[in-house]
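Below is one structure; the comments refer to it alone.
Derivation of every value follows stated rules applied to the coordinates shown; laboratory data play no part. Remember, predicted model here, so these are calculated numbers, not experimental data. Because the Cβ atoms are built from the backbone with ideal geometry, glycine has one as well, and the counts that use them run over all protein chains shown.
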Amino acid sequence: MQGQSYDIIVIGSGSGGLSVGLFMNRAGFRVLMISKSNRDIGGDCLNDGCVPSKALIHVAELIHKAELASQFGLNVAGKIDFGKVMAYIKSRQELIRKHENADWLKKEGISVAIGNAYFVGKNEVEVEGKIYSGKKIVIATGSTPAKLNIPGSEKLRYLDNENIFELDALPGKLLVVGGGPIGVEMSQAISRLGSKVIMVHSGKMILDRDEHSVAEILLTKLRQEGIVVQLNSKIEEIVSPNKGILKHDDGTRETIEFDAVFAAVGRDLNFRTLCVEKAGIQVKNEKISIDKYLRTSNKDVFVCGDVAGDLKFSHAAEFHARILINNFFSPFKKKLDNRYMSWVTFSDPQLATFGFNEKELLAGKIRYHKMVQDFNMDDRAIVGSFDYGRLILYLSPKNIFGSQKILGGTMIAPGAGEMIQELMLANSARISINAIFNKIYPYPVASRINQQLVVTLKEESLTSTVKRLLKIAFKFFH
Ligand SMILES: Cc1cc2nc3c(=O)[nH]c(=O)nc-3n(C[C@H](O)[C@H](O)[C@H](O)COP(=O)(O)OP(=O)(O)OC[C@H]3O[C@@H](n4cnc5c(N)ncnc54)[C@H](O)[C@@H]3O)c2cc1C
């Protein structure tokens, strides 16, 4: 059956799809948004990702802080009511769902088709027997958790981000496979609720994409909280629903026991059922082939979000949407450029990273100066017991006016994701670090650490010649 034609069709209504669809609708275009179901609107972020995980982390942090209060004589006893934790998570999702659902989108003026979409022509997609045509089509179908590929894994009580927020009881002992952001955040939150957690990671450090030395600080904190972290190790075989063989890189093996397994071992891109070949879209190396402008080999079809096979974050999906929107209207086409990308692992402490890391600077032969500022002398960190924190910044060499720019950096501290924001702005807006030096920070905000790093840098530049000049100036001008 022939449906209607649209200026733009967006397949998938998650972080990326909604960003494109909502803007195009507000700009006066005829928009069709497609979602597998009404519940799927909001995508992974609302339903199975950021929102439920951050709500869970919030609860876990409250519980952890209550336990910490015992050192001041307040003894909190008893078990958490897991049902209430899950109800809290659901209630937060429902609040957001009020403006992420089919009726709401329709009220905004967007057409909505519910069902699985697939291409039937260059500019045509079919949903539930109806064919819709679009001048432009955006594939924003996201990704799904990669499955554990271990002999015997069919025996497991198997959890991933698509079913863990549906649990009705906390597993006594949870094996988490994968030490990336999802594995780390979930391990800590579930452990704080009361599970015994073992995290197994094949790499030599958790959070491989982050700076080793800051990830190491987090690793120590996780272990101090009682999480068993096995690095350089892989689950080799599942022998029963509660037992697996863990193989370490040195060849040794041990049997580990658990009640359930949470897999956080990467993501599969969602495009296999889209019949992209019907639209002349090429696929290479398990990905839709795209150019730097997020365009597929069909000039009217674009990708947005996780399915692009690039960085998989909600804000990366929103960034893709901004590139597409710019390129729909401007002769000055924007390319995908992750130079100013950032991410936060919402563990406690948080680990926040932005811009270039050292590997990229070396690979790009970009000259830089590395500054490391520990929090151990920071008054706020001392009173708040996060004097283990660290800020690392990569700075450009001084220009002829003596000013330096921020090329990238990383911070570990509670609230690092917020504290680092001004550094990210200085990075992306190419503002000199002197702006941070000259800023007046109310004492004792934690973000004064940003200024302290610049102060340390200035102090380092006090060479004997500079000191001599200062002595002369002091003599004449005081
Ligand atoms: C546990 C977890 C925690 C996370 N935490 C964070 C975080 O704190 N911060 C952050 O930035 N990111 C986080 N992420 C990542 C973030 O959720 C994703 O990067 C983001 O949701 C990707 O957006 P998207 O638009 O590409 O895809 P999605 O939001 O997944 O949307 C894709 C939609 O397309 C639909 N779809 C797929 N195929 C079809 C089809 N054929 N027809 C119709 N519809 C289809 C899907 O059902 C889905 O609804 C987290 C992810 C997980 C799993």
Largest to smallest principal axis extent of the C-alpha atoms in region 321-478, angstrom = 63, 41, 30
Quick one: plug the Kirkwood hydrodynamic radius of the chain (C-alpha pairs) into Stokes-Einstein at 37 °C, 0.692 mPa s, and report D in µm²/s.
-> 132
So, how do all the Cα-to-Cα distances of region 224-343 break down into 5 Å bins, in percent, from 0 on up?
-> 2, 9, 15, 14, 12, 9, 9, 10, 10, 6, 3, 1, 0
Do any trypsin sites (Lys or Arg not before Pro) in region 33-106 lie in a loop, going by DSSP, with at most 16 other beta-carbon atoms within 10 Å of their beta carbon, and if so which?
-> Arg39, Lys79, Lys98
Return, ordered by residue number, the residues of region 28-64 whose backbone nitrogen is under 12 Å from a label point located 7 Å along Cα→Cβ of Asp7.
-> 28-32
Given the pairs Lys312/Lys333; Lys130/Lys335; Lys106/Lys335, which span a C-alpha to C-alpha distance of over 29 angstrom in this model?
-> Lys130/Lys335; Lys106/Lys335
Each label sits 7 Å from Cα toward the beta-carbon; between Ser91 and Glu67 the label points are separated, in nm, by 2.3
If region 1-91 were replaced by its equivalent ellipsoid, with semi-axes equal to the square roots of 5 times the Cα gyration tensor eigenvalues, what would those be, largest first, whole Å?
-> 44, 13, 7
Along principal axes, Cα extents of region 177-221, largest first, whole Å = 29, 19, 13
For region 371-472, state which chymotrypsin sites (Phe, Trp or Tyr not before Pro) are in a DSSP loop and have at most 11 other beta carbons lying within 10 Å of their beta carbon.
-> Phe401
Over the residues of region 1-155, compute the C-alpha Rg and express it relative to 2.2 N^0.38 Å.
-> 1.40
Across the chain: Cys residues that no other cysteine approaches within a C-beta distance under 4.7 Å | Cys275, Cys304
Could you give me the radius of gyration and the Dmax of region 405-478, taking only the C-alpha atoms into account and expressing both in angstrom?
-> 15.4, 46
What percent antiparallel are the DSSP beta bridges of the chain, to the nearest 5?
-> 60
How big is D for region 291-332, in µm² s⁻¹ as a whole number, if Stokes-Einstein is applied with the Kirkwood radius of its Cα pairs at 37 °C and 0.692 mPa s?
-> 312
Find, among the trypsin sites (Lys or Arg not before Pro) in region 146-185, those assigned to loop by DSSP (not H, G, I, E, B) with at most 15 other beta-carbon atoms within 10 angstrom.
-> Lys147, Arg157
How many Å³ per residue does the convex hull of the Cα positions in region 203-278 occupy?
-> 169
How big is Rg to Rh over region 57-101, alpha-carbon atoms, Rh as the Kirkwood inverse-mean-distance radius?
-> 1.17
